[in-house]
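Only one structure is covered here, and it is reproduced in the block below.
Here, each number is a calculation from the coordinates, and none is a lab measurement. A quick note: this is a predicted structure, and the numbers were derived from the prediction, not measured. Cβ atoms come from the backbone with ideal geometry, glycine included; neighbour counts cover every protein chain shown.
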Amino acid sequence: MSPGFSDRLETIPPSGIRAFFELVIGAEDIISLGVGEPDFPTPWAIRERAIAAIEKGNTSYTSNAGLKECREAISAYLSSRFNAHYKADGEIILTSGVSEAVDITLRAILNPGDEVIVPEPGYVCYPPLIQLCGAISVPVETHTTNLIPDPKKIAEKINSKTKAIVICSPNNPTGAVIPENSLREIADLAIKHDLWVLSDEIYAELSYVPYTSMASIPGMKDHTILLNGFSKAFAMTGWRLGYLCGPEEIVKRALKIHQYSALCAPIIAQIAAIEALKNPEKEVEKMRESYRNRRNLYVAGMNEVGLMTQMPEGAFYAFTNISSTGLTSHEFAIKLLREKKVAVVPGTAFGVSGEGYIRACYATEESELKEAIHRIQDFAKELKK
């Protein structure tokens with residue numbers, strides 16, 4: 001007989017993204033538009049710097065907050081690129097990916113019974129990590145507002161238990177970018193009600209439209225916890241390096257958790273990141289333009305067969321409405337995988353309001369993407385017969 005397990009953990013389902021990823025592993029002839037990962041290798045200059053560091057034996061622990069040189073590079077980068085100003089000492093922590101940054105931030109600010117407003121569809125980690133704190137995730141649907149969080153709907157959800165608002169722009173899974181006027185309205189709510197805003201900006205460099213960081217809005221530095229990293233823009237997913245920026249009082253609390261749970265981010269990844277930030281625009285622009293072209297191919301292909309897809313303004317995801325087929329999101333994804341060998345993620349992996357949608361990651365080699373589009377089009381036509 002087992003001694004038992006965590007009751008809180010029993011209420012949390014496995015990741016819907018990873019479930020479909022497991023179906024694809026080892027399967028033959030499947031084109032995956034499922035897992036959100038750049039199809040570019042990490043730029044050579046970054047890899048070369050890491051190789052040199054290994055050859056020199058730079059394989060030790062770093063300080064809990066991370067290499068000072070790396071934090072200084074991040075500070076300069078955020079200031080010059082996004083008008084977001086954070087000190088290397090006391091306001092920045094290097095983490096093992098952005099997911100760890102989300103986790104330690106939530107654990108640093110939440111108490112049981114607190115509420116966190118989370119626009120939905122949204123990234124899969126937010127609600128479970130909120131629940132693990134004993135707090136409550138309060139969804140705000142965006143599928144009726146062009147996939148953009150509506151500040152008025154957010155305001156309706158605020159009460160005495162509300163502690164924070166989570167935003168992710170550009171958004172995973174929708175590719176939507178929150179316009180500056182909406183960000184300012186959300187900022188006004190945070191200031192008025194004295195709330196934290198967790199601003200997940202991991203896709204900021206992959207915005208196809210002018211981008212505004214929440215931390216750059218006047219009066220918001222004291223309310224914003226900025227989360228970013230190197231996985232998406234620099235094609236460094238496997239390096240597992242993110243960072244958390246915020247006021248010293250939140251950073252020192254998050255650091256206390258980080259020093260016990262992770263100790264420090266990998267030193268080789270930190271050294272590589274310093275190289276990545278030396279001239280970030282050079283490689284990023286090449287990747288961003290490639291994603292933009294593939295985005296246009298995918299969106300045009302879906303709309304051509306009546307699978308309505310809003311043009312994403314950032315990241316490398318498209319959120320396609322498949323409700324016209326009569327299938328649920330899960331049914332569509334499973335049937336497409338079995339019959340056409342194309343993997344997508346059901347919209348319900350990103351919240352209940354994702355029903356009727358699928359998420360496709362178009363960061364796939366162009367010839368494969370074109371073939372996937374062709375297969376999905378055939379599938380949609382067959383469903384109409």
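Couple of notes before you dig in:
- Under 23 Å from the Cα of Lys163 - lysines, other chains or at least 8 residues apart: Lys152, Lys153, Lys192, Lys221, Lys252, Lys256
- Max mean-square fluctuation residue, GNM over the chain, Cα-Cα springs under 10 Å, options Glu304, Glu205, Glu275: Glu304
- Packing, as the average of other Cβ atoms within 10 Å across residues, places the peptides 356-367, 216-227, 327-338 in the order 356-367, 216-227, 327-338, highest first.
- The three principal axes of the C-alpha atoms in the chain carry coordinate ranges of 63, 57, 54 Å, sorted with the longest axis first.
- About the centre of its Cα atoms, the chain shows a dipole size close to 60 debye [charges on the beta carbon of Lys, Arg (+1) and Asp, Glu (-1) only; nearest 20 debye].
- Since only Gly90, Asn159, Val118 are under comparison, the one whose Cα sits farthest along the positive direction of the charge dipole of the stretch 44-278, derived from C-beta charges on Lys, Arg, Asp and Glu, is Gly90.
- The helix-only estimate of mean residue ellipticity at 222 nm for the chain, built from DSSP H runs of length n ≥ 4 each weighted as -39500 (n - 2.57), is -13000 deg cm²/dmol after division by the residue total.
- Projected label distance in nm at Asn296 and Arg8, using a 7 Å step from Cα toward the beta-carbon: 4.9
- Over the stretch 44-278, Cα pairs under 8 Å with separation of 6+ residues give a relative contact order of 30 percent.
- Selection from Leu189, Leu206, Pro170 lying farthest towards where the dipole of the stretch 154-223 points positive, charges on Cβ: Leu189
- Note on the chain: antiparallel DSSP beta bridges, both residues inside, total approximately 45 percent of the bridges counted.
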